[in-house]
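Structure, as structure tokens:
The values are calculated or read from the model by the stated rules, or taken from the named source; none is laboratory data. None of the values given here were measured: they were computed from a predicted structure. Here the Cβ positions follow ideal geometry from the backbone for every residue, glycine too, while neighbour counts run over all protein chains shown. Heavy atoms of the whole protein, side chains included, go into the accessibility calculation; ligands, DNA and RNA do not. Shrake-Rupley method; radii C 1.70, N 1.55, O 1.52, S 1.80 Å.
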Amino acid sequence: MPEITERAFKDPSLKRSAALLRAFLREQSNPERCYTLLARDSVAQVARHIDLPGRIVVDIGGGSGHFTEEFRRRGAQSYLFEPDLRELNARGGPVTEDAVLADGYLLPLADGAADVCFSSNVLEHVSDPQTFISEMARVTRPGGLIYLSFTNWLSPWGGHECAPWHYLGADRARARYRRRTGREAKHTVGENLFPVHIGPTLRHVRGRDDVQVVTARSRYWPFLASTITRVPGLREIATWNLLLILRRRP
């Protein structure tokens, strides 16, 4: 795999967005490059707000550990908490022996244990996002950071492998996927994929008294990434993936 350099992570930029999109489109054939690139990009976003060396980072739902691996490369003490054993073993086993099989609703951590609580593209897979966010806030120390991103339902990728046909209905999109591929889709709405929307999520986090919104922007958009999220209606389609960086209040 070619070396992925830090220069690819000027954010936002057309070059960055194009590189991430190309990697995503080849995710099935080259998942290692796709998720290594995404991890480099995401951890760089965190590093703009906090010095990572020596920090304790909790990676919730980080799959087989690409994000944990990148946080450690940056000098952080990062720990992986993943509820799905299949995801944990997707690379032939987790990148670290101390990975924990744990549910994001109830993390085996003390209050304020983490300097950074990180979750990439997990919120749309939980049935109770507000409880999930509350647990992230609980385990983050006062002044610490929460990184939370998710693919919103009305984005072109909201239906995941069934997108964009989810616009015509989840059941219809799933049936089309079965006809086209000869196998069942990985995600089923109401079981392991849930419609999450930008507006209600922003209202929820802004209304909380335990976090302060540092950043609310499109994660991948190449320009005006923060402006898009301020336009009701348009943001539900154009944001594609909402990135929230929150600071834990005392």
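Computed with a 1.4 Å probe over protein heavy atoms only, the accessible area of residue 81 comes to about 10 Å².
A convex hull fitted to the Cα coordinates of the stretch 8-138 yields 116 cubic angstrom per residue. Between residue 237 and residue 214, the FRET efficiency estimated from the beta carbon spacing at R0 = 30 angstrom works out to 0.75.
Be a star and scan the stretch 131-151 for residues whose amide nitrogen sits under 20 Å from the point 7 Å along the Cα-to-Cβ vector of residue 27. Inside the label zone: 147-151.
DSSP assigns beta bridges within the chain; of those with both partners inside it, close to 45 percent run antiparallel.
Distance from the C-alpha centroid of the stretch 121-173 to that of the stretch 184-215: 5 Å, rounded to the whole angstrom. Comparing 180, 206, 217 in a Gaussian network model of the chain, where Cα atoms under 10 Å apart are tied by springs, the biggest mean-square fluctuation is seen for 180. Taking the Cα centre of the chain as origin and assigning +1 to Lys and Arg Cβ atoms and -1 to Asp and Glu Cβ atoms, the resulting dipole is close to 1040 debye.
Extension gain, residue 167 to residue 48: 0.36 nm times the residue separation minus the Cα-Cα distance gives 39.3 nm.
Potential lengthening of the chain between residue 249 and residue 183 amounts to 19.1 nm, from the contour at 0.36 nm per residue minus the alpha-carbon distance.
Remark: accessible surface ordering of 79, 167 (largest first) is 167, 79, probe radius 1.4 Å. For the pair residue 203 and residue 106 in one chain, pulling the backbone fully straight at 0.36 nm per residue adds 32.6 nm over the alpha carbon distance.
Count Lys and Arg as plus one, Asp and Glu as minus one, and take only other residues whose Cβ is under 10 Å from that of residue 192; the net charge is then -2.
Averaged over all directions, how much area does the convex hull of the C-alpha atoms of the stretch 203-250 cover when projected, in nm²? So the Cα hull casts an average projection of 3.3 nm².
Applying a DSSP loop filter and a limit of 11 other Cβ atoms within 10 Å to the GluC sites (Glu not before Pro) in the stretch 162-250 leaves 184, 191.
Each residue of the stretch 111-118 was assigned a 3J(HN,Hα) from its phi angle through the Karplus expression (A = 6.51, B = -1.76, C = 1.60, θ = phi - 60°), giving 4, x, 6, 10, 7, 9, 10, 10 Hz with x at Gly and Pro. Shown here: the stretch 134-250, whose C-alpha atoms stretch 52, 30, 21 Å along the first, second and third principal axes, sorted largest to smallest.
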